[in-house]
């Protein structure tokens, strides 16, 4: 899994006041479009992506998938036990 290769502290190096990567742009992250007092329009577009951020999202998806598989296996095991008890 890629998660072990990720350094979760590197986000500090990536974040800046303005960035073309939406996840790295403080102005964009702290802006609230529904609140006039905290809404800021960036003078740049967020058109770039970060390989490390994408890898982190992929790792989190892998974890979520693995947990879902564990849940399904545990559910299946419980159901099989109940079926055995009912048929005995």
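The values are calculated or read from the model by the stated rules, or taken from the named source; none is laboratory data. Nothing here was measured: the structure is a model prediction, and the numbers come from that model. We place every Cβ from the backbone using ideal geometry, glycine too, and count neighbours over all the protein chains shown.
Which of the residues spanning region 40-65 are surrounded by 11 or more Cβ atoms within 10 Å (Cβ to Cβ), over 10 Å from the mean Cα position of the chain (by Cα) and free of Cβ contacts under 8 Å to residues at least 24 places away in the same chain? Hit for region 40-65 is 40, nothing else. Among the residues of region 49-62, are any in a loop (DSSP other than H, G, I, E, B) and modelled with pLDDT of 75 or more? Yes.
Condition check ((1) at pLDDT below 80; (2) surrounded by 10 or more Cβ atoms within 10 Å (Cβ to Cβ); (3) assigned to a loop (DSSP other than H, G, I, E, B); (4) out of contact with any strand residue (DSSP E or B) (no Cβ under 6 Å at 6 or more places or on another chain)) across all residues:
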position: 7; (1), (2), (3), (4): yes, no, yes, yes
position: 68; (1), (2), (3), (4): no, yes, no, yes
position: 76; (1), (2), (3), (4): yes, yes, no, yes
position: 79; (1), (2), (3), (4): yes, yes, no, yes
position: 84; (1), (2), (3), (4): yes, no, no, yes
